[in-house]
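Have a look at the structure below, then the notes.
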Amino acid sequence: MDERLRIKELAAEDRPREKMLKGASSLSDAELIAILIGSGNSQETAIQLAQRILNGVRNNLNALGKLTLRELMTYKGIGEAKGITLLAAMELGRRRGLSEPPE
């Protein structure tokens, strides 16, 4: 029997998407990643999967941004589509850091 807590079962104020409505700064890195990946796997929620990925890079977003698609896909629950979504988000973050702020 599956006894893991699903995100839908969390209180509304604890769900990543609902928290995002109050402002992105209120979310942890894992919660932001969970929003990107959308769902976890049969053993863990999207938040737990995101935490496991972050643990794999010692909670270093710079290291996460250097992972390849193949490396991301070693995590159960991350297939090609979710891996590409994460790579795209990391690339946008990199580009944002390089762009000049508007005057």
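Couple of notes before you dig in:
- Residue check, E71 without any contact (Cβ under 8 Å) to a residue 40 or more places away in the chain, open to solvent by less than 50 Å² (accessible area, probe 1.4 Å) and outside any loop (DSSP other than H, G, I, E, B): no
- Residues of the range 56-68 classified as surrounded by 13 or more Cβ atoms within 10 Å (Cβ to Cβ) and in a helix (DSSP H, G or I), total: 4
- Checking each residue in the range 77-87 for being open to solvent by 50 Å² or more (accessible area, probe 1.4 Å) and either within 14 Å of the chain's Cα centre (by Cα) or farther than 25 Å from T45 by Cα (or both) picks out A81, I84, T85, L87.
Quick grid of which residues meet (1) among the small types (G, A, S); (2) modelled with pLDDT under 95:
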residue: P16; (1), (2): no, yes
residue: L21; (1), (2): no, yes
residue: G65; (1), (2): yes, no
residue: R70; (1), (2): no, no
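- Among residues of the range 44-55 being touching an Asp or Glu at 6+ places or on another chain (Cβ under 9 Å) and without any contact (Cβ under 8 Å) to a residue 24 or more places away in the chain, the one that is surrounded by the fewest Cβ atoms within 10 Å (Cβ to Cβ) is R52.
The values are calculated or read from the model by the stated rules, or taken from the named source; none is laboratory data. This one's a predicted model, so the numbers in the text were calculated from it and none came from an experiment. Note that each Cβ is placed from the backbone with ideal geometry, even for glycine, and that neighbours are counted across all protein chains shown. We work out accessible area using only protein heavy atoms, side chains counted, and drop any ligands, DNA or RNA first. Shrake-Rupley method; radii C 1.70, N 1.55, O 1.52, S 1.80 Å.
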